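Written out below as structure tokens is the structure these notes cover.
The values are calculated or read from the model by the stated rules, or taken from the named source; none is laboratory data. None of the values given here were measured: they were computed from a predicted structure. Backbone-built Cβ (ideal geometry, glycine too); neighbour counts: all protein chains shown. Heavy atoms of the whole protein, side chains included, go into the accessibility calculation; ligands, DNA and RNA do not. Shrake-Rupley method; radii C 1.70, N 1.55, O 1.52, S 1.80 Å.
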Amino acid sequence: MGANLRLIDPDGFAATDDGFRLSIRLNWYRSLAISCLETLKVSLDGQPIAPEAVRLELNGKVLSLAEAEDAVEEYWFVQDSLGIRVAGAGQVKTGESHEVAVEYALRFPYIAIGSGRFLVNVSAETATCVAG
Amino acid sequence: MTHTGPVLGTTLYSFTNEWQQRLFTLEGLVEKVAALGLGPGVEVVGFQSFRDFPDVSDETARAFRALLDRCGLIPSCLSGNSDVGRRKDRLMTHDEIVAYVERQLISAQKLGFPVLRIQAFVGPKVMEALAPIAERCGVQVAGELHSPLSADHPEVVALRECYDRVGSPYLGFVPDFSCTMNTAPEGHWQTLRADGAPEALIDEAKAIWHDDRPIPAKFGALAEAAARHGVAERLMGRINRSITMFGHAPVAQWAELLPYARHIHGKYYQVDATGNEPAIPYAEIMALLKREGYSGTISAEWEGQAFVEDAIGFEQAQAWHAMCRRLLSA
């Protein structure tokens with residue numbers, strides 16, 4: 001991602017009752033089922049977040065990473081952001097500035113690169129955001 | 001009957017940068033295609049443009065048909081996808097693939113598209129099973145011949161044999177100019193360089209691109225070279241695209257494919273200041289289409305967004321149309 005195309009929505013970072021929330025954009029030209037999300041790594045101020053603390057918000061649904069792996073009919077639309085909720089109260093307060101890093105790998109399920117293997121693309125961005 | 005030649009048009013995929021950066025709505029893109037004379041054909045990637053794909057609602061379909069009518073444009077091809085790897089633990093079964101494509105054929109019918117593009121790797125058994133469904137929907141289903149495929153690739157040969165045996169006009173191909181490139185576009189190597197690939201690896205990748213070994217061996221050779229140069233795993237996706245995106249089959253192969261062509265992807269990366277695309281032999285391909293009397297649709301399919309984030313899709317589409325009109329009138 002470069003200057004025109006950001007991964008982390010600058011306005012999507014916010015403190016929540018039980019932690020914080022981010023929203024990220026799809027780095028591909030077409031919608032993909034969320035089951036194609038191979039990995040998602042989030043860190044806050046350089047500290048990695050445990051995967052169990054992460055929930056995804058997509059199409060009005062809330063999914064754990066394990067649930068997302070089976071969600072073959074839940075599509076992440078190109079012009080919609082994916083919400084990421086992180087549990088852990090007190091890490092982020094409204095008005096605070098934090099360094100947020102996101103890295104995700106997407107499997108392109110229609111671009112085969114050998115028997116039963118598909119192209120996997122990794123996107124990453126680090127941004128300093130003020131919590132809304 | 002006078003020969004009319006190919007019907008030009010544009011795929012909205014050309015405006016991927018504008019779309020991803022949320023600068024346009026679907027309505028805005030289509031209106032601008034009409035205003036700039038980039039029709040009459042309009043192609044849409046279902047999973048790019050419709051939030052409710054692969055099962056578009058009646059309301060989505062009605063609005064889209066009304067939009068094209070109002071703009072004086074015609075639907076050429078709906079690009080669908082066979083997402084056979086959507087599950088991490090296993091591939092889709094035969095029946096699952098057929099059912100997945102059937103949903104997209106029904107959406108194509110609702111939206112008014114005469115052709116649904118899918119990936120050719122689904123193979124002859126799936127295609128044969130789709131023929132009666134395609135016929136029922138009144139929508140042709142066509143496997144895309146995209147790099148790294150070519151007319152003499154065993155998978156393509158098997159499909160042609162299937163099409164000949166089944167004999168249905170509802171089966172066919174969508175050839176893509178990525179199969180017959182002169183070279184990988186310079187923008188591809190520049191992007192790899194900017195991502196930190198060492199020059200020696202880029203030289204090796206170029207040599208692998210130009211040599212004649214089979215495609216799976218090319219992926220292996222690239223992986224071996226990348227490992228030897230200590231390149232990070234995150235770069236492998238982009239390095240592998242050297243093979244998935246840019247083929248170098250001879251243009252002459254197109255002649256034998258045209259009877260099966262239901263639509264064509266006029267792939268390009270950059271029409272330069274001289275009005276030409278240096279990576280793809282457009283003059284040769286257009287001369288062949290004219291000579292063979294191809295009168296189907298062909299979309300401007302700009303893929304420069306693989307290297308460029310600027311919202312220049314419309315100026316590139318205008319340049320493509322000018323180039324093709326010039327070559328077709330030559």
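Using square roots of five times the C-alpha gyration tensor eigenvalues, list the equivalent-ellipsoid semi-axes of the stretch A:66-108 in whole Å, biggest first.
27, 13, 11
Averaged over the residues of B:235-241, the number of partner chain Cβ atoms lying within 10 Å of the residue Cβ comes to 4. Can you give the relative contact order of chain A as a percent, counting alpha carbon pairs under 8 Å and 6+ residues apart? Once divided by the residue count of chain A, the mean separation gives 34 percent. The distance from the alpha carbon centre of the stretch B:201-260 to that of the stretch B:285-330 is 24 Å, rounded to a whole number. State the percent of C-alpha pairs, over all pairs in the stretch B:152-204, separated by a distance greater than 14 angstrom. Counting pairs separated by more than 14 Å, the tail of P(r) holds 69 percent.
Hydrodynamic radius of the stretch B:258-330 by the Kirkwood approach over all distinct alpha-carbon pairs: 12.9 Å. Which lysines have a Cα lying under 18 Å from the Cα of residue B:110, excluding residues fewer than 8 positions away in the same chain? Those lysines meeting the cut-off do not exist here. Once the 1.4 Å probe is applied to the protein heavy atoms, the protein assembly as shown comes out at 40 Å² accessible per residue.
With an a/c value of 1.5 or above and a/b larger than b/c for the gyration tensor axes a ≥ b ≥ c computed over the alpha-carbon atoms, the stretch B:1-42 is described as prolate. Summing +1 for each Lys or Arg and -1 for each Asp or Glu among the other residues whose beta-carbon sits under 10 angstrom from that of residue A:101 gives -3. Within the protein assembly as shown, the proportion of Cα pairs with more than 44 Å between them is 11 percent. Interface burial in the stretch B:30-73, defined as at least 30 Å² less accessible area with all protein chains than with the chain alone at a 1.4 Å probe, covers B:47, B:48, B:51. Shape class for the stretch B:156-252, computed from the alpha carbon gyration tensor (a ≥ b ≥ c): prolate, with a/c not under 1.5 and a/b above b/c. Chains A and B together bury roughly 3300 Å² of accessible surface, counting both sides and using a 1.4 Å probe on protein heavy atoms.
Can you tell me what the convex hull of the Cα atoms of the stretch B:90-143 projects to on average, as an area in nm²?
Quarter of the Cα hull surface area: 3.3 nm².
Taking the three principal axes of the alpha carbon atoms in chain A, the coordinate ranges are 48, 32, 25 Å, sorted in descending order.
Where the convex hull is taken over the Cα atoms of chain B, what is its projected area averaged over directions, in nm²?
Hull-based average projected area comes out at 17.3 nm².
Can you give the Kirkwood hydrodynamic radius for the stretch B:195-330, in Å, rounded to one decimal and based on Cα pairs? Its Kirkwood hydrodynamic radius stands at 17.0 Å. Of the two radii for the stretch A:75-132, the radius of gyration is 1.12 times the Kirkwood radius, both from the alpha carbons; that is the Rg over Rh value. Note down the Stokes-Einstein diffusion coefficient of the stretch B:88-229 in µm²/s, whole number, using a Kirkwood radius over alpha carbon pairs, 10 °C, and 1.306 mPa s. After rounding, the answer is 91 µm²/s.
Legend: translational diffusion of the stretch B:45-158 by Stokes-Einstein, Rh = Kirkwood radius over C-alpha pairs, 10 °C, 1.306 mPa s; D = 107 µm²/s. Dividing the summed helix terms, -39500 (n - 2.57) for each DSSP H run of n ≥ 4, by the number of residues in chain B produces a 222 nm estimate of -14000 deg cm²/dmol to the nearest 500.
Across chain B, C-alpha contacts under 8 Å between residues 6 or more apart give a mean separation that, scaled by the residue count, equals a relative contact order of 23 percent. Using a 1.4 Å probe on the protein heavy atoms, what percent of the accessible area of the protein assembly as shown belongs to carbon and sulfur? Carbon plus sulfur share of accessible area: 52 percent. The gain in end-to-end length when the residue B:94 to residue B:255 segment is fully stretched comes to 54.8 nm, 0.36 nm per residue minus the alpha carbon separation. Computed over neighbours whose Cβ is under 12 Å from that of residue A:82, the net charge equals +1, Lys and Arg +1, Asp and Glu -1. Inter-part distance, the stretch A:7-50 to the stretch B:1-71, computed on C-alpha centroids, equals 30 Å. Counting Lys and Arg as +1 and Asp and Glu as -1 over every other residue whose Cβ lies under 14 Å from the Cβ of residue B:125, the net charge comes to -4. Kirkwood Rh, Cα Rg: Rg to Rh for the stretch A:1-60? Expressed as Rg/Rh, it is 0.95. Can you give the percent of C-alpha pairs in the stretch B:175-232 whose distance is more than 19 Å? That fraction is 32 percent.
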